[in-house]
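Asks: Got a structure for you, written out below as structure tokens; questions coming shortly.
Rule-based calculations on the coordinates, nothing more; no lab input. Keep in mind the model is a prediction, meaning the values are calculated, not measured. All Cβ positions, glycine included, derive from the backbone under ideal geometry; neighbour counts span all protein chains shown.
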Amino acid sequence: MNDIDTVDCIKKTLKSRDSNKKEIALYTLLHGEGGNNIYLDEIITCAGSSNDKVRLVAIMVLSSINLKKIVPILEKSLNDKLFKIRSLAAITLAKYKNEKAIPALKAIIINDIRDHSIHKRAIEALGKYKREDLLSIFEQMLSHRRKASKLKAIDAIKQIHSEKALQLLICSEKKETDGNILSRIRGAIQSFNIKIKTPDTDN
């Protein structure tokens, strides 16, 4: 089967009434080598499917595509009944600095969901907005029980180049006892290109 035949076959499957076949075709695209733009219309149609599994995988595929055309689809998915779809849509929208995703991301972080991967990805995604008014959320994460979430919070604060962000890192440096986290905090402080005086140099 040549490339044209393969494309036609996949497109036909994505248009099929068989949800199982659609799901398999979408997973094939998800684990492929890219080039999914040629199936964009079919994937978008699948993202509106009444079948939960098809809809979820379609959003997963869309999250790997960098096109502003998919933003309205992701915005609509913020209201999906499935938490995984809402979360993935919000995390993906952060790539486009779309502010409609911020409430969803904040909810994922503050509600401290059990899915560790989504939690840390949500912190990372929220950090992409580089907004000082989000510092309070990252500050809460500095005392989180999971190290991965703490590290993502430090990285997020690092991207907000303000005096308030810097002071937050300096305060957390004094409280932190974990060596790896302390190292990340100090690296973030150094990124501000400001020499932090130690008690010895003050005298």
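Asks: Let's test the formula: R0 of 35 Å, r as the Cβ-Cβ distance of GLU99 and LYS53. What FRET efficiency results, to the nearest 0.05?
Replies: Here the calculated transfer efficiency is 0.70.
Asks: Restricting everything to alpha-carbon atoms, can you work out Rg to Rh for the stretch 22-115 with a Kirkwood hydrodynamic radius?
Replies: My calculation of the ratio gives 0.96.
Asks: Run the numbers on the chain and let me know its relative contact order in percent, using alpha-carbon pairs under 8 Å that are six or more apart.
Replies: 11 percent.
Asks: Ok, one more. Suppose we look only past 17 Å in the calculated P(r) of the stretch 1-65. What percent of the Cα-Cα pairs does that tail hold?
Replies: Result for the distance tail: 29 percent.
Asks: A further question on this structure: Note down the magnitude of the dipole of the chain about its Cα centre, charges +1 on Lys and Arg C-beta and -1 on Asp and Glu C-beta and zero elsewhere, to the nearest 20 debye.
Replies: 340 debye
Asks: Additional query: In what order do SER117, SER149 fall by count of nearby beta-carbon atoms within 10 Å, going from fewest to most?
Replies: Placing the least packed residue first, the sequence is SER117, SER149.
Asks: Another question, if that's okay. Taking Cα pairs under 8 Å and at least six residues apart, what relative contact order does the stretch 1-65 come out at, in percent?
Replies: 32 percent
Asks: Report ³J(HN,Hα) in whole Hz for each residue of the stretch 136-142, in order, from the Karplus equation J = 6.51 cos²θ - 1.76 cosθ + 1.60 where θ = phi - 60°; Gly and Pro get x.
Replies: Here the 3J(HN,Hα) series is 4, 5, 5, 4, 4, 6, 5 Hz.
Asks: Which pairs in the list LYS11/LYS84; LYS106/LYS150; LYS15/LYS81; LYS147/LYS175; LYS100/LYS164 are over 21 Å apart, alpha-carbon to alpha-carbon?
Replies: LYS11/LYS84; LYS15/LYS81; LYS100/LYS164
Asks: I want to check the label-to-label distance for ASN66 and ILE170. Put each point 7 Å from Cα in the C-beta direction and report it in nm to one decimal.
Replies: With each label placed 7 Å out from Cα toward Cβ, I get 3.7 nm.
Asks: When MET60, MET141 are ordered from fewest to most other Cβ atoms inside 10 Å of their Cβ, what list results?
Replies: Neighbour counts put them in this order, fewest first: MET60, MET141.
Asks: Pick from GLU33, GLU139, GLU173 the residue whose mean-square fluctuation is largest in a GNM of the chain, springs joining Cα atoms under 10 Å.
Replies: Looking only at GLU33, GLU139, GLU173, the biggest GNM fluctuation is shown by GLU33.
Asks: Taking the chain as a Gaussian network, Cα atoms linked when under 10 Å apart, which of THR45, THR28, THR177 shows the biggest mean-square fluctuation?
Replies: Among THR45, THR28, THR177, the largest mean-square fluctuation in the Gaussian network model of the chain belongs to THR177.
Asks: Then there's this: Hey, what number do you get for the chain at 222 nm if only DSSP H runs of n ≥ 4 count, each worth -39500 (n - 2.57), divided across all residues, to the nearest 500?
Replies: Roughly -19000 deg cm²/dmol at 222 nm, from the helical runs in the chain.
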